[in-house]
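Asker: Right, I'll just put the structure down here and ask away after.
Every read-out reported here was derived from the displayed coordinates using simple, explicitly stated rules and does not represent laboratory data. Note that the coordinates shown come from a computational prediction; the quantities given were computed from them, not determined experimentally. Here Cβ is always computed from backbone atoms with ideal geometry, including for glycine, and neighbour counts include all displayed protein chains.
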Amino acid sequence: MWTVPQARREHRVNATMSDKASKVAIVTQDTGSSRTRAGRSKAAIYESLRSELGTLITGQTDFLANISNFAALLFGSLPNLNWTGFYLLRGSDLVLGPFQGKPACSCIAMGDGVCGTAALQRAAVLVPNVHAFPGHIVCDEASQSEMVLPVFKDNRLIGVLDLDSPQLGRFDDTDREQIEALLRMLMEGTEVPEFRLAPPD
């Protein structure tokens, strides 16, 4: 049990939370409820995401911190997702990075599945029905559609961002374009260690 002086000290610590921590807490509280906001257009959701991402990365350039928050931001903001996260390049493989959702495959070879295909082609892959994609890797049996986007820093591949949905045909070109823009914004404000980057072309 706290004494009164201990309680006061705890209150002072909480009251003097850093601006950055406060902003993160506010964004997290906001995005946590955005799944249930009725009547929001796709344009409004992505406009809100741009603002919230800007708040999260202002004054924070750490690679793992920023991509972790980005995965959580998308998962908490976009409807009909059951998995969102990163696979990061390591040699000729993609290794599981920060994510939201059920435990997933920990390593994917370049060219394998939707993630490996997007990394190999250096291009987005939208799959309306994962059961029709040759070589699809099943991590969550609830997944019905998938979108994977390559992630770049200074035109060098870092890995891929993977989004899964329990809904067929969940992703379209608007989602692709908007999330690619968010990824560019994320990477512009993030310092990426050299060992995370693919060799220059």
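Asker: Provide the per-residue ³J(HN,Hα) series for region 80-86, in order, calculated from phi with Karplus coefficients 6.51, -1.76, 1.60 and θ = phi - 60°, each as a whole number of Hz, with x at glycine and proline positions.
Answerer: Calculated HN-Hα couplings, in order: 6, 10, 10, 7, 8, x, 10 Hz.
Asker: If you don't mind, there's one more thing I want to ask. How many nm separate the modelled label positions at Ser48 and Arg90, each set 7 Å beyond the Cα in the direction of the Cβ?
Answerer: About 3.6 nm, to one decimal.
Asker: Amide H to amide H, which residues 5 or more places from Gly97 or on other chains are under 5 Å from it, using H placed in the peptide plane?
Answerer: For Gly97, whose amide H was placed from the backbone, the distant partners under 5 Å are Phe86, Tyr87, Leu88.
Asker: If you don't mind, another one. Around Trp83, which amide H atoms from residues at least 5 apart in sequence, or from another chain, sit under 5 Å from its own amide H, with H modelled in the peptide plane?
Answerer: The list, which skips near neighbours in sequence, is Asp164.
Asker: So, one more: Using θ = phi - 60° and the Karplus relation 6.51 cos²θ - 1.76 cosθ + 1.60, list the HN-Hα couplings for region 90-105 in order, rounded to whole Hz, with x at every Gly or Pro.
Answerer: Values, residue by residue: 9, x, 9, 10, 10, 10, 3, x, x, 7, 10, x, 5, x, 10, 4 Hz.
Asker: List the residues whose amide H sits under 5 Å from the amide H of Asp112, counting only those 5 or more places along or on another chain, with H placed 1.01 Å from N in the peptide plane.
Answerer: Answer set, sorted by chain and number: Thr117.
Asker: Something else now. Please list 3J(HN,Hα) in residue order for region 149-155, calculated via the Karplus relation 6.51 cos²θ - 1.76 cosθ + 1.60 where θ = phi - 60°; whole Hz, with x for glycine and proline.
Answerer: Once rounded to whole Hz, the list reads 10, x, 10, 10, 10, 6, 6.
Asker: Turning to a different aspect of this structure: Rank the residues Ser48, Ser165, Ser145 as a footprinting-exposure proxy: fewest other Cβ atoms within 10 Å of their Cβ go first.
Answerer: Final ranking by Cβ density, sparse to dense: Ser48, Ser145, Ser165.
Asker: For a Förster distance of 25 Å, can you work out the FRET efficiency between the beta-carbons of Ala181 and Ala123, rounded to the nearest 0.05? Walk me through the intermediate numbers first.
Answerer: On the way: r = 16 Å, r/R0 = 0.63.
It comes to 0.95.
Asker: Determine the sum of side-chain charges near Asp164: Lys and Arg each +1, Asp and Glu each -1, restricted to other residues whose C-beta is under 14 angstrom from that of Asp164. Don't skip to the answer; put the middle values down first.
Answerer: Working: positive: Lys102, Arg170; negative: Asp140, Glu141, Glu146, Asp162, Asp175.
Net of charged neighbours comes to -3.
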